[in-house]
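So the structure is just underneath, and the comments pick up after that.
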Amino acid sequence: MPRAPSGFRGRFLTDFATRAAYSEGAGPYRIVPRAVAVPRDLNDLLAIVRHATKAGESLTPRGAGSGIPGNNIGRGIVVDLRHFATPLSAYAEGIANVGAGVAWRSLDRAAARRGLRLAPNPSSAFCTIGGMVATNAAGARSLKAGSIRRWVRGVEMVTADAEVGWFGRSTALRMRRKPTLAERAVLRADLTAVRRFQAGGSAELLAGRPEVAARFPRTRKNSSGYALDHYLESGDLLDLIIGSEGTLGIVTRAELTLEQVPVATATVLLALDDLGALPDVVSSLVGMDAAAVELLDRSFLALAAPHIPFSVHGIEVLLLADFERNADVAAQSAASEARDAVSVRCRYVETALTQQDRGRLWAIRHAASPALAALPASRRSLQIVEDGCVPVAALGRYLEGVRTAARHARVEIVAFGHAGDGHLHINALADTRQPDLTARLARLLEEVTALIIELHGTPSGEHGDGRLRAPLLERVYGSELVRLFGLVKRTFDPANILNPGVILPGDRADPTANLKVGPRAAPIPEEVESRLREIERSGAWGTAKTELA
Ligand SMILES: Cc1cc2nc3c(=O)[nH]c(=O)nc-3n(C[C@H](O)[C@H](O)[C@H](O)COP(=O)(O)OP(=O)(O)OC[C@H]3O[C@@H](n4cnc5c(N)ncnc54)[C@H](O)[C@@H]3O)c2cc1C
């Protein structure tokens with residue numbers, strides 16, 4: 001078992017129960033790490049990185065652990081960043097500077113007291129800002145707000161060379177907040193990783209511009225691969241770091257732009273009984289400047305029916321659209337316009353103008369959690385094709401194709417997501433007693449991946465690649481872009497200590513290996529397993545995993 005590096009003052013845990021508590025994220029995998037480190041401060045973090053390089057040990061940065069595609073678990077040392085949670089300092093002009101371990105929910109509460117908010121709003125309010133930056137996270141409001149990339153002004157990051165630097169937008173003034181004395185002692189301007197990149201990486205990336213233009217998905221969102229497209233546009237290394245899933249460095253702080261909370265919001269609920277109408281209805285709502293257009297498929301409605309206050313019989317999809325405006329009357333008229341424009345294509349339309357009525361409609365979107373919690377122990381919600389995103393015009397074809405693929409694979413699915421972005425979350429509802437479950441899931445993944453490629457989509461709209469999609473990237477992007485991804489990784493992390501196997505696959509990587517279900521799942525103590533199940537059922541991902549042991 002690895003031992004704590006000398007001078008390390010935080011917790012370094014190697015008992016089986018603690019390691020088991022960190023063996024799962026919110027996705028389908030289980031990998032028991034060799035140790036869990038909970039650094040107290042930057043010096044501890046630097047000590048861990050030095051130790052990992054010396055010992056050839058891998059490190060997996062970890063926030064709340066709500067990441068899905070197996071990007072927050074690993075065989076080496078899991079590094080729990082919960083102490084990097086220095087509370088928000090927000091500036092009058094709407095800039096927030098927070099520790100990477102701060103939960104989105106805490107930031108939202110603190111910002112709301114100043115009439116501000118971070119525009120991207122993941123449903124996983126318990127996730128951390130570090131995790132959001134690392135996955136390029138988004139949420140229902142991403143239709144208008146985009147993913148977090150647009151809102152990040154800069155990050156403080158520990159590199160694989162055990163150096164600390166600030167990676168900012170060249171267009172933004174550097175840190176508004178003055179570094180503390182302790183930070184000034186470690187922050188470096190001339191990072192070895194940057195020098196390596198300038199010497200060996202940047203020219204090749206520039207030469208790859210035509211391939212990037214030809215092969216990158218043309219979707220409204222993308223959290224797959226390293227964001228070479230954004231880097232080539234901005235020239236900011238920050239764009240490679242955002243969405244890099246802990247493979248290029250460990251983010252310790254982030255500076256974010258906040259926006260004013262809008263004065264008024266109106267919500268429209270629309271029920272469609274014809275999938276053919278979906279692209280037109282969604283495009284109309286998007287064209288009317290909706291802030292969010294969410295979709296609940298018939299599979300979702302069937303699962304959540306006991307928690308929905310009306311009959312869902314015959315409905316193909318429900319859409320929920322939000323219109324945010326600067327006055328009540330403007331929000332109301334946006335909702336009425338939307339209603340008038342699309343009601344002819346819908347079986348049922350309802351408008352909500354008060355907070356209470358809006359809450360009632362949005363409660364339908366949130367009915368998934370109690371429904372999933374009620375599933376029997378042998379039926380598990382597994383995310384295998386959960387994050388595909390396609391051009392909005394192809395959304396109907398995508399949903400139809402996924403339903404067909406699920407039939408072929410004989411796997412039940414439940415679908416919901418961000419229709420305005422062409423982005424669907426598809427969970428498999430797996431019967432864990434089936435002896436050929438892994439083969440069924442592999443078939444589902446294979447068919448849905450082929451469909452996404454055919455529709456010029458991306459396998460990940462907001463969750464990242466993790467271990468699940470790393471082996472697919474060559475098919476999605478082609479070998480030349482995967483070579484450039486490898487170049488980015490090597491210039492930042494030549495010894496491959498940071499989250500190996502994530503984004504870039506390891507040897508013989510198999511997306512259906514290391515599942516947390518089935519006879520080949522790694523054994524963990526029963527008590528820890530049942531508490532992990534409880535978190536999964538109740539969505540309590542914010543629970544400190546050290547407490548589970
Ligand atoms: C119920 C539920 C709903 C969800 N809804 C959404 C949603 O609406 N939108 C969305 O985008 N996602 C959603 N997710 C996925 C997940 O919440 C996001 O990916 C989130 O950004 C992960 O944050 P975390 O703090 O939990 O990170 P973790 O799960 O701990 O880590 C995720 C990745 O980030 C890396 N990482 C974490 N912290 C750091 C750091 N400080 N420095 C470097 N790397 C780091 C990890 O190594 C890993 O690769 C949902 C998940 C669940 C379970």
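The values are calculated or read from the model by the stated rules, or taken from the named source; none is laboratory data. If you're wondering where the values come from, they're calculated on a predicted model, not measured in any experiment. Neighbour counts are summed over all protein chains in view; Cβ atoms, including those assigned to glycine, are modelled from backbone coordinates with ideal geometry. The accessibility values were calculated without ligands, DNA or RNA, using every heavy atom of the protein model including side chains. Shrake-Rupley method; radii C 1.70, N 1.55, O 1.52, S 1.80 Å.
Rounded if a/c is under 1.5, else prolate if a/b beats b/c, else oblate: with a ≥ b ≥ c from the C-alpha gyration tensor eigenvalues square-rooted, which is segment 264-370?
Details: a/c = 2.11, a/b = 1.30, b/c = 1.62.
Cα axes put segment 264-370 in the oblate bin.
Scan around ARG253 for amide H atoms under 5 Å from its own, H built in the peptide plane at 1.01 Å from N, and keep only partners 5 or more places away or cross-chain.
Answer set, sorted by chain and number: ALA100, GLU156.
Taking all protein chains in place and a 1.4 Å probe, what share, in percent, of the accessible surface of the chain do carbon and sulfur account for? All intermediate terms of the calculation are to be shown ahead of the outcome.
Details: 10780 of 21220 Å².
Summing carbon and sulfur atoms, their accessible area is 51 percent of the total for the chain.
Farthest toward the dipole's positive end in segment 25-71, which of SER66, VAL38, GLY27, given Cβ charges of +1 (Lys, Arg) and -1 (Asp, Glu) about the Cα centre?
GLY27
Could you give the accessible area per residue of segment 88-260, probe 1.4 Å, as a whole number in Å²?
Details: 6580 Å² over 173 residues.
Heavy-atom SASA per residue in segment 88-260 reads 38 Å².
From the backbone phi of segment 114-130, what are the Karplus-calculated ³J(HN,Hα) couplings (6.51 cos²θ - 1.76 cosθ + 1.60, θ = phi - 60°) in whole Hz, Gly and Pro given as x?
9, x, 10, 7, 7, 4, x, 10, x, 5, 7, 4, 7, 6, 9, 5, x
Between segment 136-173 and segment 37-64, how many Å separate their Cα centres?
21 Å
Expressed as a whole number of Å, what is the distance separating the alpha-carbon centroids of segment 323-386 and segment 408-484?
A separation of 25 Å, based on Cα centres.
Quote the relative contact order of segment 88-260 in percent (integer), defining contacts as alpha-carbon pairs under 8 Å separated by 6+ residues.
Values: 277 pairs, mean separation 59.2, N = 173.
Here the relative contact order equals 34 percent.
Could you work out the relative contact order of the chain? I mean the mean sequence separation of Cα pairs under 8 Å and 6+ apart, divided by the number of residues, in percent. If you can, show how the numbers build up before the last one.
Numbers: 1188 pairs, mean separation 107.7, N = 549.
Normalised by residue count, the contact order of the chain is 20 percent.
Ordered by packing density, taken as the mean number of other Cβ atoms within 10 Å over each peptide's residues, highest first, how do 339-351, 237-249 rank?
Working: 339-351: 15.6, 237-249: 26.6.
In decreasing order of mean packing, 339-351, 237-249 become 237-249, 339-351.
Of the options ALA363, PRO122, ILE77, report the single residue whose Cα projects farthest towards the positive end of the charge dipole of the chain (beta-carbon charges: Lys, Arg +1; Asp, Glu -1).
ILE77
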